[in-house]
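Taken together, the values in this text are just the output of simple stated rules run on the coordinates, not laboratory data. What you see is a predicted model, and the numbers here were worked out from it, not measured in a lab. Backbone-built Cβ (ideal geometry, glycine too); neighbour counts: all protein chains shown.
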């Protein structure tokens, strides 16, 4: 198990190095270049100044050399300066990561708990009206464009009824918790609706398979109560395929969070990545994309470990 | 199965006949009429007009044409790419299989939207495509199709690989091999027909996913570029006007929702027809 985790961590590190080079190369291909932008901001720059700036920023050197210089600095903890925020990149990144983890963590917990209840209830009553309604609702959930859902929720609860704020994190200077929760509510509801349909369908399917297995009949035959059969015996084996699917779904959750944060002007990683890409903030975009990828891959690893823990047949030796 | 198929056919017909309808009604979806902005529904404009006085119904039909074309083209392209990868991985096995499937796993697990935003924002001029070509609407549509294929090919690849692994050791394939049939013949005549059913299901489902992807990219200003419009890019304009004219935002979003749910329900119905073991399974 420790060996498996170590190998996976090395793989993740290798993947991140590869991704960092690809993203570094791609970001150089985005519209505008930093020298042009400086020229736009200060028209008095002479061509000698521009040549000097190019050397200073290393734009005249080949791609691989620039990448290695960036990587060396990054390994020493220097991710460069953000052009948009005029701060060191790491200082901008970390609070945003915290905000995103709050949004994604609470949405995931709520969506998973609710879909567990719904999926199990539907799996216990296959082909009933209840099962049909849950199935249709799941399809509706996965078919809703997240940004449109956010727009409709803003239209109803912020514009129309005026119950909830439509943007920001709130809290003010003294960190008013109730205000922060109010600001979190609409983004969380959006992300929960966006992810609950998929989760419920996986859980229902896995639970249907699990309930048909021999050891369930054995458990019933030896007189275990229905609740015990469902929640202990069937759920445990249903969680194995569900863990696999969940491991693969974190990337989708991050994508959903990006849209949600953008719609509600919620200062998280997703909005930061979008703003950095749109604003030609190369250092920030690169670091933020890598951080988002790293977090996703670590969440993946966590789900893989849960998989081994749930299924004693899997040993990862 | 009837209802989603009917709904989808209705949306497709309405979208694809958009140009004729525009001709018939004597309107033009791109015609700006600043004297009649935000007009209420009338005989001339059945759904009213938008912020530039353009006919909303004609614009919705036009947007549907763009969204559906991208969805179907990219779904077919992704199915073709995925099938090629899946056949190669499943039939050749060994290192080819390991590398290709590792790649597919990697793509599935990545946070795709943030990475797609970078790819969608790339300046094609910088990789040597002429400025006018890089900004033409044909290239902007192609770019969205390519991005969608990058995301969606994995489903078909896994399905086809799995089916190939099962089929290649079956007796009729062995018989064909011993009779001296070449690899292309075996793949085409013996293996591919056996994966057609799940492939059709996966492709139908992916049309919906691609339309969602296109709509979010267009909404963020990175997808379909003006003068072309898709449902997603229509929502992008409508967002700022949401409090004064909410209907401008409600219609295009509802069209996306209806189209995507119709694709998903149709895919699910096809799945049950091909594999009637258990209803509602993914």
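Could you state the number of Å between the C-alpha centres of region B:180-258 and region B:59-121?
For region B:59-121 versus region B:180-258, the Cα centre distance is 12 Å.
Report, to two decimal places, the Cα Rg of chain A normalised by 2.2 N^0.38 Å (N = number of residues).
Here the answer is 1.23, to two decimals.
If you take each beta carbon of peptide B:240-246 and count the beta carbons of other chains within 10 angstrom, what is the mean?
Whole-number average of other-chain Cβ neighbours for B:240-246 is 3.
Working out 0.36 nm times the residue gap between residue B:136 and residue B:172, then minus their Cα-Cα distance, what length gain in nm do you get to one decimal?
7.9 nm
What list do you get for A:129, B:98 if you sort them by fewest beta carbons within 10 Å?
If I rank by nearby Cβ atoms, fewest first, I get A:129, B:98.
Set the Förster radius R0 to 45 Å, insert the Cβ-Cβ distance between residue A:67 and residue B:183 as r into 1/(1 + (r/R0)^6), and round the FRET efficiency to 0.05.
Efficiency for this residue pair is about 0.65.
Mind telling me which of A:236, A:228, A:66 comes out most flexible in a GNM of chain A, alpha-carbon contacts under 10 Å?
Ranking A:236, A:228, A:66 by mean-square fluctuation puts A:228 first.
Provide the packing ranking of B:188-195, B:2-9, A:246-253, B:156-163, i.e. peptides ordered by the mean count of other C-beta atoms within 10 Å per residue, highest first.
Going from most to least packed, we get B:156-163, A:246-253, B:188-195, B:2-9.
Under 14 Å from a point placed 7 Å out from the Cα of residue B:272 along the Cα-to-Cβ direction: which residues of region A:90-129 have their backbone N that close?
A:126-129
Which of B:51, B:240, B:62 moves the most in a Gaussian network model of chain B with Cα springs under 10 Å?
The residue with the greatest mean-square fluctuation here is B:240.
Please give, to one decimal in nm, the separation of the simple spin-label points placed at residue A:185 and residue B:258, each 7 Å out from Cα toward the Cβ.
Inter-label distance under the simple model: 3.2 nm.
Provide the FRET efficiency to the nearest 0.05 for the residue A:110-residue B:28 pair, computing r from the beta carbons and using R0 = 51 Å.
With a Förster radius of 51 Å, E is 0.60.
Which whole-number percent is the relative contact order of chain B (Cα, under 8 Å, 6+ apart)?
It comes to 23 percent, rounded to a whole number.
Could you tell me how many degrees, from 0 to 90 and to the nearest 10, lie between the Cα long axis of helix A:89-124 and the main elongation axis, the longest principal axis, of the Cα atoms of chain A?
Tilt relative to chain A: about 20 degrees.
Helix A:47-57 versus the longest principal axis of chain A: what angle, 0 to 90°, nearest 10, using Cα atoms?
40
Let me confirm one metric for peptide B:214-221, namely the mean number of other chain beta-carbon atoms within 10 Å of its residues' beta-carbons.
4
What residue among A:73, A:111, A:238 shows peak mean-square fluctuation when chain A is described by a Gaussian network model with Cα springs under 10 Å?
Greatest mean-square fluctuation among the candidates belongs to A:73.
Kindly state, as a whole number, the per residue volume in cubic angstrom of the convex hull around the alpha carbon atoms of the protein assembly as shown.
That works out to 217 Å³ per residue.
Starting with the fewest neighbours, write out A:309, A:70 ranked by other beta-carbon atoms found within 10 Å of each beta-carbon.
A:309, A:70
What does the structure give for A:201-211 when I average, per residue, the other chain Cβ atoms found within 10 Å of the residue Cβ?
Averaged over the peptide's residues, the number is 2.
Based on the inverse mean of 1/r over its pairs of different Cα atoms, what is the Kirkwood hydrodynamic radius of region A:95-278, in Å?
Answer for region A:95-278: a Kirkwood hydrodynamic radius of 17.9 Å.
Using a Förster distance of 41 Å, how high is the FRET efficiency between residue B:12 and residue B:123, based on the Cβ-Cβ distance and rounded to 0.05?
Efficiency, from the Cβ-Cβ distance: 0.75.
Rank-order B:142-149, B:174-181 by packing density, defined as the average count of other C-beta atoms within 10 Å over each peptide's residues, highest first.
Packing order, densest peptide first, comes out as B:142-149, B:174-181.
Just check chain B against the gyration tensor rule for me: Cα atoms, a ≥ b ≥ c as the square roots of the eigenvalues, rounded for a/c under 1.5, and otherwise prolate or oblate depending on whether a/b exceeds b/c.
Because a/c hits 1.5 or more and a/b exceeds b/c, chain B counts as prolate.
What is the helix-to-structure angle for B:112-121, meaning the angle in degrees between its Cα long axis and the longest Cα principal axis of chain B, kept from 0 to 90 and rounded to the nearest 10?
Once rounded, the angle reads 60 degrees.
When a footprinting reagent is the concern and you count Cβ atoms within 10 Å, what order do A:296, A:46 take, fewest first?
In order of increasing Cβ crowding within 10 Å: A:46, A:296.
Decide, for region A:54-140, between rounded, prolate and oblate: order the square roots of the alpha carbon gyration tensor eigenvalues as a ≥ b ≥ c, take rounded if a/c falls under 1.5, and otherwise choose prolate if a/b is larger than b/c, else oblate.
Cα axes put region A:54-140 in the prolate bin.
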